[in-house]
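Coordinate-derived values only; no laboratory data. What you see is a predicted model, and the numbers here were worked out from it, not measured in a lab. Ideal geometry is used to build each Cβ from the backbone, glycine not excepted, and the neighbour counts take in all protein chains shown.
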Amino acid sequence: MAIKFNRSQTFATNGTVTASGLHNLVDGLDIYQALITDQTELTNVATDDNILVADASLTAGDAPRKATVQNIFDDALTGGTFTNSQFSGTVTSGTTNSTRGVFANSTITTGTIPNLTSSTASITIGTIPTLTAGTTTSTAASITNGTIQTLTSSTATITGGTFSGLLNSSTGTFSGAINSTSGTIGTLNSTTGTIGNFTTTLLGDVTISTGSATVGTRVAVVNTAQQYSRAHNFAATALTITSGTVPWDLSQNQVATLTVNTTTTMNTPTNPQAGATYVLIVTQSGGNNTLSFSTAYKFPGGNVPVLSTGASQVDVLSFVSNGTVLYGVSSQNFS
């Protein structure tokens, strides 16, 4: 059997064992490792099992104290520092408070994490009531509720939601509805896509700087031959007589009405457009009122039409412009 005690005291053969010598034997006794390693191994340690501990607060001559396994680990985990701890099994804890806790690979099946600070994290399932993140980059994310301040995505599928700010996406599929009740869209770039219904109130102009616009049959296009299936017309603008003259701003309307109740002259019209047609409907008020024209009005053979003189009779003058002059003909005496 291996030596388990260091016996520093020796005795002569057949000598006398004195009391002091026996004390020296016991007092100078050192316990070797074999005393522990030769014992029966305890494979399952219970929390109430006892271990001998040399209490650092006692003197060398005092006996060791006993402590349960649970007390030892409770005290150590509460007041100790563990710089490199590896746990291969399951760690179960009630409330964990840590400012230096770093978990490279961990699975949390249940519980509440009040504050999560992570440079990289993989959360496959669970509910995050409130997430505050500086910069978050995700190749695949399912966000069912909340506010996304800025979304930058090369590809994305958004099935629904309200986007009140700016949405930038070079490519992607938006299968749901993008509803914006307020906000400003500075730049909308889309190479392909379909907008099912688009309703907006424009505060400024819509400008297409390059390319062409293709629209359906419900919209009139200025550079495409179209057939109208419903009536289109100009609402007539009533002209007024001012100091015996009549100004006519052709940019306001292409059809105008005039009631003549005195001797009147048509001034040179403003804003004529080359190729545009204009119609003037003149009604004789009390009768025998005349209407003359400035030199900007030209008639066949230089013959200026004379208004019908009967009360309430109507004359219709039709004009076409070259951009400066209005060339007209008169159809008279509608009564």
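List of remarks:
- In sequence order, calculated HN-Hα J values of the range 273-283 (Karplus, 6.51, -1.76, 1.60; Hz; x Gly/Pro): 10, 4, x, 7, 10, 9, 10, 10, 9, 10, 10
- Here the simple spin-label model places points 7 Å from the Cα toward Cβ, and for Thr157 and Phe234 these points are separated by 5.4 nm.
- Taking 0.36 nm per residue of sequence separation and removing the Cα-Cα distance, the Val206/Ser243 pair yields an extension gain of 9.2 nm.
- Stretched out straight at 0.36 nm per residue, the stretch from Ser335 to Leu77 would grow longer than its current Cα-Cα span by 81.8 nm.
- DSSP beta bridge pairing in the range 249-317, given as percent antiparallel to the nearest 5: 30
- Label-point separation, Thr270 to Val53 (7 Å along Cα→Cβ), nm: 10.1
- Nonlocal amide H pairs with Ser292, under 5 Å, H built at 1.01 Å: Thr264, Thr265, Met266
- Estimated translational D of the range 46-94 in µm²/s (Stokes, Kirkwood radius over Cα pairs; 25 °C; 0.890 mPa s): 187
- Each of Tyr297, Tyr228 was scored by other Cβ atoms within 10 Å of its Cβ. Listed from fewest to most, they are Tyr228, Tyr297.
- Zone residues, the range 35-50, relative to Lys66, backbone N less than 11 Å from point 7 Å out along Cα-to-Cβ: 49-50
- Backbone phi angles across the range 61-70, fed through the Karplus curve with coefficients 6.51, -1.76 and 1.60 (θ = phi - 60°), yield HN-Hα couplings of x, 7, 6, x, 9, 9, 8, 6, 4, 5 Hz in residue order; Gly and Pro are listed as x.
- Counted residue by residue at 0.36 nm each, then reduced by the alpha carbon distance between them, the extension gain from Asn14 to Thr295 reaches 85.1 nm.
- Our note on the geometry: Cα centres of the range 17-93 and the range 249-279, 114 Å apart.
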